[in-house]
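The values are calculated or read from the model by the stated rules, or taken from the named source; none is laboratory data. Keep in mind the model is a prediction, meaning the values are calculated, not measured. Please note: Cβ atoms are built from the backbone with ideal geometry, for glycine as well, and neighbour counts cover all protein chains shown.
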Amino acid sequence: MDISLQNIEYRYQANTPFERLAIKDVSINIPTGTYMALIGHTGSGKSTVLQHLNALLLPTEGSVIIGSQEIKAKQKNKNLRMIRQKVGIVFQFPEHQLFEETVEKDIIFGPMNFGVSENEAKERARLALKQVGLAEEILEKSPFDLSGGQMRRVAIAGVLAMEPDCLVLDEPTAGLDPRGRKEIMDMFYSLHKKRNLSTILVTHSMEDAARYADQIVIMQQGHVVKQGTPVEIFSSVTELVEMGLDVPEVVRFQRMLEEKLGLKLERTYLSIEELSAAVAELLRGAPV
Amino acid sequence: MREAVVSLRNVSFQYENQSSYALQNVTFDIFEGEWLAIVGHNGSGKSTMAKLLNGLQFPQSGEISVCGIQLNEESIWDIRKKLGMVFQNPDNQFVGTTVQDDVAFGLENHGVPRNDMIFRVEDSLKKVNMDQFLNQEPHHLSGGQKQRVAIAGVLALRPSIIILDEATSMLDPKGRGEVLETVRTLKNEKSLTVISITHDLEEAAKADRIIVMNQGEVYREGTPEDIFSMDDELVRLGLDIPFSIKMSNAFRQKGIDLSKHYLSEEELVNELWTFRSKI
């Protein structure tokens with residue numbers, strides 16, 4: 001599903017003394033099948049943009065096109081329900097939204113709310129649990145008896161069971177241990193590929209942005225300041241550092257090494273494998 | 001001989017309705033002025049330990065003492081004055097209607113005089129770089145900003161021990177750096193003892209000492225160098241290894257001989273430079 005934000009602006013508490021401009025003139029295109037990472041400082045407007053992707057916030061200027069629907073500023077928008085069904089958001093700490101008595105009831109709540117029959121919803125719950133790496137036995141358990149990591153997975157399963165065309169992930173692995181983090185990110189990536197989803201990842205992790213995304217958008221003070229492929233984005237280290245952002249460790253290391261050796265490698269490498277291979281070749285083959 | 005400010009002796013704890021122990025027979029000391037990182041997979045007992053230290057839960061067996069005081073239901077109020085805690089999720093610990101009210105809350109509870117309170121609120125907010133938000137309401141702050149306010153709330157109470165329970169896991173790199181730097185400065189200035197429960201191995205690498213927890217038990221303790229030479233064993237425990245070690249391993253596999261196992265990024269760069277100049 002194609003998503004396009006066109007010159008959107010959003011003001012919190014518009015027309016009150018508390019009005020605050022959060023984002024301005026933001027345009028982002030997300031064609032079907034794109035994995036896009038949205039990065040930026042805390043408070044740069046990422047979360048505000050994210051909430052426009054399924055019409056939780058409606059723009060105060062500009063328009064949002066989600067699939068065949070257009071949401072325009074300053075006009076009554078109908079049928080937001082359809083959008084919310086197609087765009088699944090995994091919020092930060094989604095386990096805080098668990099509320100049902102059993103894991104199964106929690107997972108089927110979303111799909112049933114959108115008119116899926118109970119039987120099918122239960123079927124989907126089983127599949128979604130498998131996708132997030134949990135055993136079927138926990139379906140009958142209370143979600144509140146689970147560990148933090150398991151609760152996170154159940155909450156994600158609830159979003160997957162809606163079978164969205166677009167997945168919006170807001171720091172989905174915050175607080176998980178490294179293994180859990182990798183498992184969840186790999187799971188989202190394979191789902192992204194298998195179902196040709198559009199995926200938008202809001203993250204502070206430059207490693208994840210470099211590893212999974214096709215496109216990276218950088219936000220600063222409510223604006224989009226840069227957009228490109230990971231290699232493009234991470235090739236301009238100084239610029240990122242000036243914005244107060246990090247670069248992947250591998251890129252930082254490459255720059256350090258280049259400086260020390262007084263040379264420039266052919267390109268920016270985004271994985272340890274690639275970089276070590278390039279450097280090893282250089283070291284072995286280097287004329288004195 | 002350094003003085004232990006916190007000691008745990010054979011501490012075990014089990015949550016209600018759980019078949020296994022969250023902590024089992026845990027014994028270790030934390031020394032005055034040190035930065036101790038506690039790492040471990042989700043469910044390894046790290047956060048339970050934090051709750052026990054602050055008397056939010058009491059162990060079923062074993063003893064805990066903080067600054068020489070045995071921790072029990074009578075002494076807990078004295079102990080909480082000495083030990084400030086910052087939790088992972090700021091939304092669960094924000095009580096004020098504005099940023100400055102939130103920081104003042106703890107001070108009010110401790111009966112700090114108003115003038116001193118005003119100074120401390122501003123001072124600690126300045127330290128976490130949130131002093132321009134004094135009158136903002138919490139729901140207008142992003143997660144990272146809220147967390148910095150929570151840290152300010154703890155700093156304002158000037159505890160001698162501060163526990164960070166994954167307190168930086170939601171901050172962006174710059175914010176994380178600033179907060180850790182703030183805590184580090186405070187640690188050095190006031191010989192604050194820092195216990196940092198974390199998944200961030202780069203942060204743990206800068207600690208004085210690391211304790212690795214696994215399934216409720218202390219699995220290993222040592223300096224960062226000791227711990228990170230465990231290599232794949234750490235990965236098996238659900239953890240990760242720091243970047244410089246991964247990078248070194250990749251170079252070794254490609255036939256670049258490196259002199260020792262644990263190298264910081266700088267050391268590794270120097271080593272590669274030496275390697276090149278020998279060709």
Are any of the residues in the range B:139-161 assigned to a loop (DSSP other than H, G, I, E, B), within 20 Å of the chain's Cα centre (by Cα) and under 28 Å from A:Ile39 (Cβ atoms)?
no
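Provide a single number: the residues in the range A:150-172 that are closer than 14 Å to A:Arg195 by Cα and over 16 Å from the mean Cα position of the chain (by Cα).
Total meeting the criteria: 3.
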By residue number, the members of the range B:5-54 that are within 11 Å of B:Glu217 (Cα to Cα) and among the aliphatic types (A, V, I, L, M) are B:Val11, B:Ala22, B:Leu23, B:Val26, B:Met49
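Scan A:Glu266, A:Glu274, A:Glu259, A:Glu281 and give me the residue that is loosely packed, with under 14 Cβ neighbours inside 10 Å and either under 30 Å from the mean Cα position of the chain (by Cα) or more than 9 Å from chain B (Cβ to nearest Cβ) (or both).
Values: A:Glu274 fails: loosely packed, with under 14 Cβ neighbours inside 10 Å; A:Glu259 fails: either under 30 Å from the mean Cα position of the chain (by Cα) or more than 9 Å from chain B (Cβ to nearest Cβ) (or both); A:Glu281 fails: either under 30 Å from the mean Cα position of the chain (by Cα) or more than 9 Å from chain B (Cβ to nearest Cβ) (or both).
Within the list A:Glu266, A:Glu274, A:Glu259, A:Glu281, the selection yields A:Glu266.
Could you list, in sequence order, all residues of the range B:186-199 that are of a type outside the set (A, V, I, L, M), under 18 Å from B:Arg158 (Cβ atoms) and crowded, with 22+ Cβ neighbours inside 10 Å?
We begin by selecting, within the range B:186-199, every residue of a type outside the set (A, V, I, L, M); these are B:187-191, B:193, B:196, B:198-199.
Cutting the leftovers down to under 18 Å from B:Arg158 (Cβ atoms) gives us B:187-191, B:193.
Hit for the range B:186-199 is B:Thr193, nothing else.
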Counted residues in the range A:217-248 being of a type in the set (Gly, Ala, Ser) and in contact with a His (Cβ under 8 Å, 6 or more places away or on another chain) come to 1
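Taking the options A:Leu50, A:Leu38, name whichever one is within 14 Å of another protein chain (Cβ to nearest Cβ) and part of a helix (DSSP H, G or I).
Numbers: A:Leu38 fails: part of a helix (DSSP H, G or I).
Just a single option satisfies the conditions, and that option is A:Leu50.
Quick check on this structure: which one of B:Leu171, B:Leu164 is assigned to a strand (DSSP E or B) and either closer than 20 Å to B:Asp123 by Cβ or within 10 Å of chain A (Cβ to nearest Cβ) (or both)? Outline the logic, then answer.
Numbers: B:Leu171 fails: assigned to a strand (DSSP E or B).
Going through B:Leu171, B:Leu164 in turn, the sole match is B:Leu164.
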Kindly establish whether B:Val183 is more than 10 Å from every other protein chain (Cβ to nearest Cβ), more than 14 Å from the chain's Cα centre (by Cα) and crowded, with 23+ Cβ neighbours inside 10 Å.
no
Taking the range A:241-256 only, how many residues are closer than 17 Å to A:His41 by Cβ and either free of Cβ contacts under 8 Å to residues at least 12 places away in the same chain or more than 14 Å from chain B (Cβ to nearest Cβ) (or both)?
2
Criterion violated by A:Thr32 - all others in (1) part of a loop (DSSP other than H, G, I, E, B); (2) touching a residue at least 40 places away in the same chain (Cβ under 8 Å); (3) surrounded by 16 or more Cβ atoms within 10 Å (Cβ to Cβ) satisfied:
(3)
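Inside the range B:256-267, can you point out the residues that are more than 19 Å from B:Glu225 (Cβ to Cβ) and more than 7 Å from chain A (Cβ to nearest Cβ)?
Here is the first cut: in the range B:256-267, the residues more than 19 Å from B:Glu225 (Cβ to Cβ) are B:256-257.
The one that is more than 19 Å from B:Glu225 (Cβ to Cβ) and more than 7 Å from chain A (Cβ to nearest Cβ): B:Asp257.
Can you confirm whether A:Thr203 is within 10 Å of another protein chain (Cβ to nearest Cβ) and among the hydroxyl-bearing types (Ser, Thr, Tyr)? Give the steps one after another, and end with the answer.
Working: within 10 Å of another protein chain (Cβ to nearest Cβ): yes; among the hydroxyl-bearing types (Ser, Thr, Tyr): yes.
Criteria met by A:Thr203.
Tell me yes or no: at least one residue of the range A:165-179 is within 14 Å of chain B (Cβ to nearest Cβ), in a helix (DSSP H, G or I) and at pLDDT 95 or above. Spell out how you get there, then give the answer.
Narrowing the range A:165-179 to residues within 14 Å of chain B (Cβ to nearest Cβ): A:170-179.
Filter once more, keeping what is in a helix (DSSP H, G or I): A:178-179.
The next check asks that each one be at pLDDT 95 or above; those that pass are none.
Among the residues of the range A:165-179, not one is within 14 Å of chain B (Cβ to nearest Cβ), in a helix (DSSP H, G or I) and at pLDDT 95 or above, which makes the answer no.
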Spot the failing condition for B:Gly45; the list is (1) surrounded by 20 or more Cβ atoms within 10 Å (Cβ to Cβ); (2) within 14 Å of chain A (Cβ to nearest Cβ); (3) more than 27 Å from B:Ala205 (Cβ to Cβ), and only one is missed.
(3)
Listing of helices (runs of 4 or more DSSP H) fully contained in the range B:16-131 that carry 3 or more residues being in contact with a helix residue (DSSP H, G or I) (Cβ under 6 Å, 6 or more places away or on another chain)
B:99-109, B:114-127
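Which residue, of B:Pro224, B:Pro242, is surrounded by 15 or more Cβ atoms within 10 Å (Cβ to Cβ), over 29 Å from B:Val11 (Cα atoms), more than 8 Å from every other protein chain (Cβ to nearest Cβ) and under 19 Å from the mean Cα position of the chain (by Cα)? Steps first, please.
Values: B:Pro224 fails: over 29 Å from B:Val11 (Cα atoms).
Being surrounded by 15 or more Cβ atoms within 10 Å (Cβ to Cβ), over 29 Å from B:Val11 (Cα atoms), more than 8 Å from every other protein chain (Cβ to nearest Cβ) and under 19 Å from the mean Cα position of the chain (by Cα) holds for just one of B:Pro224, B:Pro242, which is B:Pro242.
If a residue has to be within 22 Å of B:Lys82 (Cβ to Cβ) and either among the aromatic types (Phe, Trp, Tyr) or within 12 Å of chain A (Cβ to nearest Cβ) (or both) to count, how many in the range B:189-216 make the cut?
Taking the range B:189-216 and keeping what is within 22 Å of B:Lys82 (Cβ to Cβ), we get B:189-198, B:207-209, B:211.
Add one more test, that the residue is either among the aromatic types (Phe, Trp, Tyr) or within 12 Å of chain A (Cβ to nearest Cβ) (or both), and what stays is B:197-198.
The qualifying residues number 2.
Residues that are aliphatic (A, V, I, L, M) and more than 16 Å from A:Tyr35 (Cα to Cα), at least 2 per element: which strands (runs of 3 or more DSSP E) completely within the range A:194-276 meet that? First the steps, then the outcome.
Details: elements: A:198-202, A:215-220, A:223-228.
Per the criteria, A:223-228.
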Touching a His at 6+ places or on another chain (Cβ under 8 Å), more than 11 Å from chain A (Cβ to nearest Cβ) and surrounded by fewer than 21 Cβ atoms within 10 Å (Cβ to Cβ): does that describe B:Ser229?
yes
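Given the residues B:Leu134, B:Leu141, which is the only one that is surrounded by fewer than 20 Cβ atoms within 10 Å (Cβ to Cβ), closer than 30 Å to A:Ile23 by Cβ, aliphatic (A, V, I, L, M) and touching a helix residue (DSSP H, G or I) at 6+ places or on another chain (Cβ under 9 Å)? Steps first, answer last, please.
Numbers: B:Leu141 fails: surrounded by fewer than 20 Cβ atoms within 10 Å (Cβ to Cβ).
Answer to the selection: B:Leu134.
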The conditions are (1) touching a Leu at 6+ places or on another chain (Cβ under 9 Å); (2) in contact (Cβ under 8 Å) with a residue 40 or more places away in the chain; (3) aliphatic (A, V, I, L, M), and B:Leu36 fails exactly one of them. Which is it?
(1)
Out of the range B:58-112, which residues are in contact (Cβ under 8 Å) with a residue 12 or more places away in the chain and on the phi > 0 side of the Ramachandran plot?
B:Gly62, B:Cys67
